[in-house]
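Visitor: One structure coming up, written as structure tokens, with questions to follow.
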Amino acid sequence: MAKPSFAIYPTLMLCMISAALAQNGDRAGEVQNPLPSHLQSPPAPALSPADAAKTFKLPPGFHVELVASEPLVFDPVAMSIGPDGRLWVVEMRAFMRDINGTGENAPIGTVAVLEDSNGDGRMDKRTEFAGGLVMPRAVSLVANGVLVAEPPNLWFLEDTNHDGKADKRTQVAKDYGDATNPEHTANGLMWAMDNWIYSANHTTRFRYDPKGTQGQWRRERTVFRGQWGITQDDVGRLYHNNNSEPLRMDVLPAEYLQRNPKLVAPDSVNFQLAKPQDTPVWPGRITLGVNRGYKTLRDDGTLPQVTAACGPVIYRGAAFPRAFHGDAFIAEPSANLIKRLEVSNAGLPSVRNAYEHAEFLTSTDERFRPVNLYNGPDGALYVVDRYHGIIQHRIYLTTYLRNQIQERGLDAPVGLGRIWRIVADRASRHARPDLAKASSRKLVAALSRDEGWWRDTAQRLLVERHDLSVAPALELLARNAPGKFARLHALWTLEGLNAVDWPTVQAALADIDVDVAVAGARLSERFFPEDPVRVAGAIATRIKAGEPAFLRQAALSLGAGPAQAVDDVLAQLALRHGALPFMADALVSSWNGREAAALQKLSAGGPGARAVAASLSAALLHYDDAAQVDALFARLASKDSPPWLVEAILDGVDRFIPGEGDRRRTAFLPQEPKALAAFARTGGAQAARATEDLKYLRWRGQQVDEATALATLSDAERKRFERGRAEFQLCAACHQPQGQGLAGLAPPLVGSPWVNGGTGAVVRIVLQGKTDGEMTMPPLASLDDDKIAAILTFVRRSWGHEATPVTAGEVQAVRSETKFREEPWTEADLAAFN
């Protein structure tokens, strides 16, 4: 099982299903095409770069310039701009070269270096730095080489003899994504402000450590982020998206929240900035060639909301008007456009469309496929244009889409590609950057530049060089630079050099700008071991200013200190500021292992701590500790528990149970919650809440573990189960390895009524997909009957499930019954089969 919406581009789920459904009359299961006859898919010929440029429409004050095109670049999907202005482009040349995906494992992927030798702004020289790659998808410049993503491998490629070609290959990771499913695997490789390299669609972050005692490369577990592309803003917050949602973000640094494995459903990571329907898209052309276009398009034949959002970037240049700074630009290749979203981080973070019934860039060329966006050294916005007719992988290719591609000739030509630059009309031409050979002193000066690309690149180069002679200059910059972004980059460069001292941190904590103070709090954590009272006191002093961003970071940073030095400060934060959005996440992450004591401290407080108490309660329920769970539920009937605390504990139960509304899933406790059941019998509104929650709780003695589930299977069924365990990696990309799902990407499989229901329903979901109105699971009809039966047998007998195994014969029978159906099933459709 896989992701909402029919993925059409690796990790992007681009959608190109058009409107002429079914050629076979009124046969059973077939959906007719209700599109008005005047809506016809327009031709989609391949255009020359000059002609393609004429199809672009931009707001007044902007124009598009060609940076590179075929035969200089082929099938580009990602790039990195070097400190000397050269472009390092990764080319995924084997992806869907024909409708069957023939030869996709051929080692013909490349990393090309493009150069502007005469300074006219257009690339004119190509050097193939590396070849022989299978479906490469990301590139990042690091030190004297480049990181290249070739799932499941992450390579560090170096040119040791300086001939422009890689001659040394080092494997940094062998588990970087999944090579079997190119639509759902790791990409991105962005060096962020905190000197870690982050990816989309992956749960490991990497760090280049030239002086590391454990080797040149460090790795740490992180959270799953997005599908294709990742970006940061000027203060280092991470943003990402998935194909059906334009933008999500980590409001708080996610790694803090991982300290407490019992923290339930943190709101501050993978935060949805807007619902897709609140940020509609306005294509410049009829877009009949999208998923379920016959049903979802507007009357004029245009796509109403994103279905292939990808490649986000926060604009951090200085060439566009000031109002653009900090806004998000989103590539939407299925609608042939680039969306601009105005970003607000005041209060609850949010985005809104920058234009009414319009987009930043639209094209009438259906083959214009923007898949990645970047800030440039000249303040321009750089666009990687795949320029390819077929952008859905064969795994998800439906019969109808095959017909659409063939009828409209979208399968040829191949091997094209363009890189564009969006320029403000009034922007002056910049000289090529010269940071590659700049002195460390000049790199320190570059940290004060207005353009984010310069600051990011200068910081990276300084950290890579590990030139400690610039530490005094960085300390001076961190304290006295007039621009806050220069002060921030100076602090994080010192962190990367492991040269942060306490006076510099103390100055940062007192900085006039809260974002600098937040960085100061993060850097103060390293000083807890030598003087925890001093650090906690310095953080507590800044807390008095009452700035929400600092309060949240203080709650996170205090978690690095010993309990005796920080717990009283944490409790005061909870009692005074616990209702602040995302504060509960920060506090509970810091109370790891001390949740019961923390809840006891808060119980004497007031309702302002309700959100924190709820999160603490949910965490306590996650412990495999029956006595602790009993003690929590005993509070419900205690005379010492104020009404707000009773509500908070029930809020925690609600949080502990996954899902919302009628999509809630089963949750498991170590033993029967007798105190909760007794409270449910007392009557009243809160007792009714407890009664409803009990419907979704199971406990030891009820739960069927895997050994028990397998004990009732035949030998053949066990073999099918074990094969399904291996094949489930295809589904785990979206539904996650333990079937827990991911908000905005895929629903949980654990406790799912469809997984545990009738065979007829779950097989139909796999074969034709399922939609709930907001998310759509794509069909997996290309998988054979045996593989589908194995996967379904695995998920129906795992995680406490005890549904019947599925046979290949059952899959074949459903496939035969529904072979003419192209439309995903709705829950109403499936009810009869469940």
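The values are calculated or read from the model by the stated rules, or taken from the named source; none is laboratory data. Nothing here was measured: the structure is a model prediction, and the numbers come from that model. Note that we place each Cβ from the backbone using ideal geometry, even for glycine, and neighbour counts take in every protein chain shown. With ligands, DNA and RNA removed, areas are computed over all heavy atoms of the protein, side chains included. Shrake-Rupley method; radii C 1.70, N 1.55, O 1.52, S 1.80 Å.
Visitor: Ranked by accessible surface with a 1.4 Å probe, highest first, in what order do Val313, Val514 come? Don't skip to the answer; put the middle values down first.
Guide: Numbers: Val313 5, Val514 35 Å².
The ordering from most to least exposed comes out as Val514, Val313.
Visitor: Counting only heavy atoms of the protein chains, get the accessible area per residue of the stretch 95-209 (1.4 Å probe) and round it to a whole Å² value. Intermediate values should be presented prior to the final figure.
Guide: Working: 3940 Å² over 115 residues.
Computed with neighbouring chains in place, this is 34 Å² per residue.
Visitor: Can you pull the one-decimal nm distance between simple spin-label points at Arg465 and Glu356, each 7 Å off the Cα toward Cβ?
Guide: With each label placed 7 Å out from Cα toward Cβ, I get 5.2 nm.
Visitor: I want the antiparallel fraction of DSSP beta bridges within the chain, as a percent rounded to 5.
Guide: 95 percent
Visitor: How do 609-615, 478-484 rank on mean C-beta neighbours within 10 Å, highest first?
Guide: 609-615, 478-484
Visitor: First select every other residue whose beta carbon is under 14 angstrom from the beta carbon of Leu416; then total the charges, Lys and Arg +1, Asp and Glu -1.
Guide: Computed value for this residue: -2.
Visitor: Follow-up. At 0.36 nm per residue, minus the direct Cα-Cα distance, what do Ala597 and Asp175 gain on full extension? Give it in nm, one decimal, please. Before the final figure, lay out each step's value.
Guide: Numbers: separation 422, 0.36 × 422 = 151.92 nm, distance 3.94 nm.
Separation in residues times 0.36 nm, less the Cα-Cα distance, equals 148.0 nm.
Visitor: Give me the 1.4 Å probe accessible area per residue for the stretch 360-491, excluding ligands and nucleic acids, in Å².
Guide: 35 Å²
Visitor: Per residue, how many Å² of accessible area does the stretch 674-767 show with a 1.4 Å probe?
Guide: 46 Å²
Visitor: For the full complex of protein chains and a 1.4 angstrom probe, list Thr818, Thr691 by accessible area with the highest value first.
Guide: Numbers: Thr818 5, Thr691 65 Å².
Highest to lowest solvent-accessible surface, that is Thr691, Thr818.
Visitor: Let me ask another. Cut-off 19 Å, label point 7 angstrom out along Cα-to-Cβ of Gln277: give me the residues of the stretch 335-356 whose amide nitrogen falls inside.
Guide: Residues 351-353 fall inside that zone.
Visitor: Something else about it: Rounded to the nearest Å, what's the spacing between the alpha carbon centres of the stretch 203-279 and the stretch 465-543? Just the number, please.
Guide: Rounded to whole Å, the Cα centres lie 23 Å apart.
Visitor: Within the set of other residues whose C-beta is less than 13 Å from the C-beta of Thr541, count the net charge using Lys and Arg as +1 and Asp and Glu as -1.
Guide: With Lys, Arg at +1 and Asp, Glu at -1, the net is +1.
Visitor: Which pairs break 20 Å Cα to Cα here: Lys770/Lys819; Lys174/Lys211; Lys601/Lys695; Lys125/Lys339?
Guide: Lys174/Lys211; Lys601/Lys695; Lys125/Lys339
Visitor: Okay, next question. Taking a ≥ b ≥ c as the square roots of the Cα gyration tensor eigenvalues, with a/c under 1.5 meaning rounded and otherwise prolate when a/b beats b/c, else oblate, which class fits the stretch 623-741?
Guide: prolate
Visitor: Continuing with this model, one more query. Please sort 300-308, 445-453, 158-166 by packing, taking for each peptide the average over its residues of neighbouring beta carbons within 10 angstrom, highest first.
Guide: On the way: 300-308: 23.0, 445-453: 20.7, 158-166: 13.0.
Per-residue Cβ counts within 10 Å, averaged per peptide and sorted highest first, yield 300-308, 445-453, 158-166.
Visitor: By how many nm would the segment from Trp502 to Asn161 grow when fully extended, if each residue of separation counts as 0.36 nm and the alpha-carbon distance is taken off? Don't jump to the answer; show the numbers that get you there.
Guide: Numbers: separation 341, 0.36 × 341 = 122.76 nm, distance 4.26 nm.
Extra length available between Trp502 and Asn161 comes to 118.5 nm.
Visitor: Just read off the accessible area of Lys442 with the full protein assembly in place, 1.4 Å probe, to the nearest 10 Å².
Guide: 120 Å²
Visitor: For the chain, which whole-number percentage of the solvent-accessible area (1.4 Å probe, protein heavy atoms only) is attributable to carbon and sulfur atoms?
Guide: Ligands and nucleic acids excluded, carbon and sulfur give 51 percent.
Visitor: I've got another one for you. Sorted by accessible area with a 1.4 angstrom probe, largest first, how do Lys695, Lys437 fall? Provide the component values of the computation, followed by the final result.
Guide: Working: Lys695 140, Lys437 195 Å².
Ranked list, largest accessible area first: Lys437, Lys695.
Visitor: Hey, what number do you get for the chain at 222 nm if only DSSP H runs of n ≥ 4 count, each worth -39500 (n - 2.57), divided across all residues, to the nearest 500?
Guide: Details: 27 runs with 254 residues, N = 834.
Computed mean residue ellipticity for the chain: -8500 deg cm²/dmol.
Visitor: Moving on. Would you mind calculating the gained length between Ser344 and Glu706 on full extension (0.36 nm times residue separation, minus the Cα-Cα distance), in nm to one decimal?
Guide: 125.6 nm
Visitor: Using a cut-off of 9 Å between beta-carbons, work out the net charge of the residues near Pro747 (Lys and Arg +1, Asp and Glu -1, Pro747 not included). Walk me through the numbers on the way to the answer.
Guide: Details: positive: Arg663, Arg665; negative: Asp772.
Summing Lys/Arg as +1 and Asp/Glu as -1 gives +1.
Visitor: Quick one: Karplus J couplings for the stretch 432-443, per residue in order, coefficients 6.51, -1.76, 1.60, θ = phi - 60°, nearest Hz, x for Gly and Pro?
Guide: So the J values, rounded to whole Hz, are 4, x, 10, 7, 4, 10, 5, 5, 4, 4, 5, 5.
Visitor: What residue among Phe324, Val235, Phe271 has its Cα farthest toward the positive end of the dipole of the stretch 221-336, where the charges are +1 on Lys, Arg and -1 on Asp, Glu, each on the Cβ?
Guide: The residue sitting most towards the positive pole is Phe271.
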